Amino acid sequence: MNIARNNCWRSRKGLRFEALALDHLQEQGLELLQRNYRCNMGEIDLLMLDREVLVFIEVRFRGSTSHGGALATVTRNKQHKLLRTARYFLLCHAEHQDRACRFDVVGVQPGAATTHQFTWIQNAFC
């Protein structure tokens, strides 16, 4: 499989699992502000409000747990990248600068055709 085709497949799969995680989080009462925020610092999958708290959310999926689950893929390096991206978002969006913030991770484990298991870690890192 060529690299461009593989990246396209991963992108479509990632968007699908982000949409599933988004639905799950909205069912829990969170409100979507923005999907796939991108800047030179990196990308944040979901920006949501949990009441008055601004939540930066990383969605992870891994089809197999043989090398660790989806949550294990949020490395220290990935955390630093998310922190830098969030700081940049706050610099560019003054309306959110005074909000309390947190970083959550949502792991999606494969399930039956219409069900998946979600693991939502609030305040996953800071």
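Summary of values
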item	result
Protection proxy ranking, peptides 44-57, 80-93, average beta carbon neighbours within 10 Å, highest first	44-57, 80-93
Charge dipole of segment 70-110 about the Cα centre (unit charges at C-beta), most positive-ward option of 88, 75, 107	75
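Throughout, read-outs are computed from the coordinates displayed, never taken from laboratory work. Just so it is clear, the structure is predicted and the values come from calculations on it, not from any experiment. Counting neighbours? That spans all protein chains shown, and the Cβs are built from the backbone with ideal geometry, glycine included.
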